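Before any comments, here is the structure.
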Amino acid sequence: MKVAVLGTGMIGNTVVRELAAYKQIDKVIAVDGLQENIDKCLELAGHEKVIGKQMNLANENDIYKAIKDADAAIACLPHFLSIPAIKAAIAAQCHLVDLVGTEFDEKRKLDQQAKEAGVTIVPGCGVAPGITNFLAAQGIELLDEAEEAIMICGGIPKDPQPPLRYQVVFRLESVLGLYTRPALAAENGELVYLPPLSGKEKIIFPEPVGECEAVVTDAHSTAYTLKDKVNKIYEKTVRYAGHWDKMAVLAELGFLDNKEVDVEGVKVNTKKLAEKILEPQLRGKSIEDITVVRVTASGKKNGKDTTYIWEMIDYYDHDRGMTSMAKTTAIPAMLMANWILNGKIPETGIVPVENVIVGNRFHEFMGELREKGIEINQYERFLS
C-alpha cells in the first residue's frame with residue numbers, strides 16, 4: 001500500500017512518521033513544494049519506507065500528479081486547496097483523508113462523483129473538526145432524545161505570553177478567520193449563522209490550564225449531518241481569558257478586514273498588515289502546548305435528564321518531540337487512512353467522520369487513539 005502525505009509542515013511530519021510504523025504500508029510519499037521541508041521530514045521519520053517528492057501543490061492538477069499512483073492520501077494543506085484536493089483524489093481514484101473541514105456544503109456536492117470513482121473521502125478529520133465530531137455524534141446516539149451538543153476545543157500555549165496569551169499552531173491566516181467569520185451552527189433542524197465571537201463563556205479546566213473562555217466558531221459538517229438528530233449543535237473554540245476581547249477590538253476597528261486602504265499613496269491590505277504585526281505577538285515562551293477538548297451531549301435517557309461528557313487535556317509529547325496539536329490532529333487522520341485501506345470503512349463518497357465513527361466503531365477507534373497516546377475520558381451526569 002502506498003500513502004501520499006500532502007504537505008510536510010508540523011502536522012504532515014507527524015502523519016508521515018506515524019504511518020511508517022504500520023506493516024501494511026509499503027511506502028509513504030512525503031510531498032511538499034520546498035525541498036528543505038522534505039529533508040526535515042525525512043530526518044524526523046528516519047525510516048526507509050519514507051521517500052520525499054518535491055512538487056508544487058498549487059492546484060487540482062498538481063495534486064493529481066502527486067497522488068495518481070497512491071492508494072490513499074492525507075491532505076495537510078491550506079484551506080483553499082481542500083476542494084482541489086478532493087477533486088484530484090476523485091480523478092485519481094485515490095482515497096483521501098483531509099484535515100480541512102470548511103466548505104462542507106460544496107464538498108458534499110461531489111459525493112456522487114466520489115461514489116462512482118469508488119473512493120472514500122473523509123473531510124475534516126483532525127481534532128476539531130474530527131475527534132469533536134464523532135464524540136458529539138456518539139453522545140447523541142446514546143440519548144433517547146438529544147437536546148443539545150456542544151463541541152469545545154482549543155490549542156493553547158503551556159506558557160502564555162502577554163498581551164494575547166496565545167501562540168499560533170497553524171497558519172495565522174486560518175486563525176484570523178475565527179475573529180471575523182460568522183459561525184455555522186444548527187438549531188431546531190435548521191442551519192444558522194451566529195455572529196463571530198458570540199456566545200462567550202467562561203470555562204474552567206483542571207490545572208495547569210485553569211480559567212479559559214470560549215466563543216462560538218464553525219461547526220463544519222456536523223451542522224449538516226446532525227441537525228436532524230439534536231435540537232441544537234454548536235462548536236466553540238477555547239483561549240485563555242481576555243484573549244477574545246482584545247482580538248474583538250481589532251476586528252471591530254477593521255484591522256482584520258480583507259480590504260485595501262491608501263497609506264500615503266501606497267495600497268495596503270489591512271488583514272495582511274495585521275498578520276505582520278500580530279505574528280510576533282502570537283508566540284509562546286516555548287513550543288510546548290496544550291490541547292483541550294470538552295464535548296457534551298444533553299437530553300433524555302430512560303426518562304431522565306442526562307448529559308454525556310468527554311474531556312481531553314493533552315500536553316506536549318516530550319518522548320516523541322511532538323506538539324500536542326500535531327499529535328491530536330495527525331493521529332486521527334492517520335488512523336482513518338489505515339482504516340480505509342484495511343476495509344474497515346467500506347463506505348464511499350464524501351464520508352464525514354461523525355457518520356462512521358459511532359457505535360462499535362467508536363469504541364475501537366477510541367481504543368486506537370488511546371494506544372497512540374490520546375486519552376479521552378468519558379463522564380455521565382444524571383438528573384432525576
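Checking each residue in segment 134-152 for being closer than 20 Å to Met334 by Cα and either touching a strand residue (DSSP E or B) at 6+ places or on another chain (Cβ under 7 Å) or of a type in the set (Asp, Glu) (or both) picks out only Leu135.
Filtering segment 338-360 down to residues that are in a helix (DSSP H, G or I) and either over 15 Å from the mean Cα position of the chain (by Cα) or of a type in the set (Asp, Glu) (or both), which residue is modelled with the lowest pLDDT?
Taking segment 338-360 first, the residues in a helix (DSSP H, G or I) are 338-341, 353-356, 360.
Filter again for either over 15 Å from the mean Cα position of the chain (by Cα) or of a type in the set (Asp, Glu) (or both), leaving 338-341, 354-356, 360.
On the way: Asn338: 96, Trp339: 97, Ile340: 97, Leu341: 96, Glu354: 98, Asn355: 97, Val356: 96, Asn360: 91.
Per the criteria, the residue is Asn360.
For the condition within 30 Å of Ala297 (Cα to Cα), of a type outside the set (S, T, N, Q) and modelled with pLDDT of 95 or more, Ile67 does not qualify. When Ala214 is tested against (1) at pLDDT below 95; (2) within 15 Å of Met247 (Cα to Cα), only condition (1) is not met. Here Leu176 clears all of (1) outside any strand (DSSP E or B); (2) open to solvent by 10 Å² or more (accessible area, probe 1.4 Å); (3) touching a Lys or Arg at 6+ places or on another chain (Cβ under 8 Å) except the condition numbered (2).
I need the full set of residues from segment 317-328 which are among the hydroxyl-bearing types (Ser, Thr, Tyr) and modelled with pLDDT of 95 or more, in order please. Those that are among the hydroxyl-bearing types (Ser, Thr, Tyr) and modelled with pLDDT of 95 or more: Ser324, Thr328.
Assess whether Asn133 counts as being among the polar types (S, T, N, Q) and crowded, with 18+ Cβ neighbours inside 10 Å. Talk me through it step by step, then tell me what you get.
On the way: among the polar types (S, T, N, Q): yes; crowded, with 18+ Cβ neighbours inside 10 Å: yes.
Taking the combined requirement at face value, the residue satisfies it.
Restricting to segment 215-256, what's the tally of residues that are of a type in the set (Asp, Glu) and within 17 Å of the chain's Cα centre (by Cα)?
Summing the residues that are of a type in the set (Asp, Glu) and within 17 Å of the chain's Cα centre (by Cα) in segment 215-256 gives 2.
Checking each residue in segment 1-33 for being over 14 Å from Ala66 (Cα atoms) and part of a loop (DSSP other than H, G, I, E, B) picks out Met1, Gly9, Ala20, Ala21, Tyr22, Lys23, Gln24, Ile25, Asp26.
Starting from residues that are under 11 Å from Glu347 (Cβ atoms) and either touching a Ser or Thr at 6+ places or on another chain (Cβ under 8 Å) or assigned to a loop (DSSP other than H, G, I, E, B) (or both), keep the ones in segment 104-117 and report whichever is most open to solvent (accessible area, probe 1.4 Å).
Going residue by residue through segment 104-117, those that are under 11 Å from Glu347 (Cβ atoms) are 111, 114-115.
Then drop every residue that is not either touching a Ser or Thr at 6+ places or on another chain (Cβ under 8 Å) or assigned to a loop (DSSP other than H, G, I, E, B) (or both), which leaves 114-115.
Values: Ala114: 0, Lys115: 88 Å².
Once the filter is applied, the top-ranked residue is Lys115.
Cβ separations smaller than 8 Å between residues 6+ apart or across chains give the following pairs from segment 291-310 residues that are among the basic types (Lys, Arg) to residues that are open to solvent by 10 Å² or more (accessible area, probe 1.4 Å) and not in a strand (DSSP E or B): Lys300/Leu143; Lys300/Asp144; Lys301/Leu142; Lys301/Leu143; Lys301/Asp144; Lys304/Ser384.
Every condition in (1) out of contact with any Asp or Glu (no Cβ under 8 Å at 6 or more places or on another chain); (2) in contact (Cβ under 8 Å) with a residue 60 or more places away in the chain; (3) open to solvent by less than 40 Å² (accessible area, probe 1.4 Å) holds for Asp218 except the one numbered (1). Quick one: what pairs do we get from segment 192-203, first residue touching a residue at least 60 places away in the same chain (Cβ under 8 Å), second crowded, with 16+ Cβ neighbours inside 10 Å and part of a strand (DSSP E or B), C-beta under 7 Å, 6+ apart or different chains? Qualifying pairs under 7 Å: Ile203/Ile152; Ile203/Cys212; Ile203/Glu213; Ile203/Ala214; Ile203/Val238. So in segment 277-306, with the set limited to residues that are buried (at least 19 other Cβ atoms within 10 Å of the Cβ) and polar (S, T, N, Q), which one is farthest from the chain's Cα centre (by Cα)? Per the stated criteria, the residue is Thr306.
Would you check if Arg165 is open to solvent by 50 Å² or more (accessible area, probe 1.4 Å) and at positive phi? Talk me through it step by step, then tell me what you get.
On the way: open to solvent by 50 Å² or more (accessible area, probe 1.4 Å): yes; at positive phi: yes.
It is true that Arg165 is open to solvent by 50 Å² or more (accessible area, probe 1.4 Å) and at positive phi.
Considering segment 191-309, the qualifying helices (runs of 4 or more DSSP H), each wholly inside and each with 1 or more residues that are of a type in the set (S, T, N, Q) and within 24 Å of Phe134 (Cα to Cα), run over 222-225.
The residue that is nearest to Val97 (Cα to Cα), counting only those in segment 328-357 that are open to solvent by 10 Å² or more (accessible area, probe 1.4 Å) and not β-branched (Val, Ile, Thr), is Leu341. Here Val5 fulfils each of the conditions (1) touching a residue at least 40 places away in the same chain (Cβ under 8 Å); (2) open to solvent by 20 Å² or more (accessible area, probe 1.4 Å); (3) not aromatic (Phe, Trp, Tyr) apart from (2).
Give the residue that is most open to solvent (accessible area, probe 1.4 Å), with candidates limited to residues of segment 34-70 that are within 17 Å of Thr14 (Cβ to Cβ) and in a strand (DSSP E or B).
Of the residues in segment 34-70, the ones within 17 Å of Thr14 (Cβ to Cβ) are 37-47, 49-50, 52.
Then drop every residue that is not in a strand (DSSP E or B), which leaves 50, 52.
Details: Val50: 14, Gly52: 40 Å².
Out of the qualifying residues, it is Gly52.
The values are calculated or read from the model by the stated rules, or taken from the named source; none is laboratory data. Owing to the predicted nature of the structure, the values given are computational and were not obtained by experimental measurement. Positions of Cβ are generated from backbone atoms using ideal geometry, with glycine treated the same way; all protein chains shown enter the neighbour counts. Note: accessible area is taken over every heavy atom of the protein model, side chains too, but ligands, DNA and RNA are not part of it. Shrake-Rupley method; radii C 1.70, N 1.55, O 1.52, S 1.80 Å.
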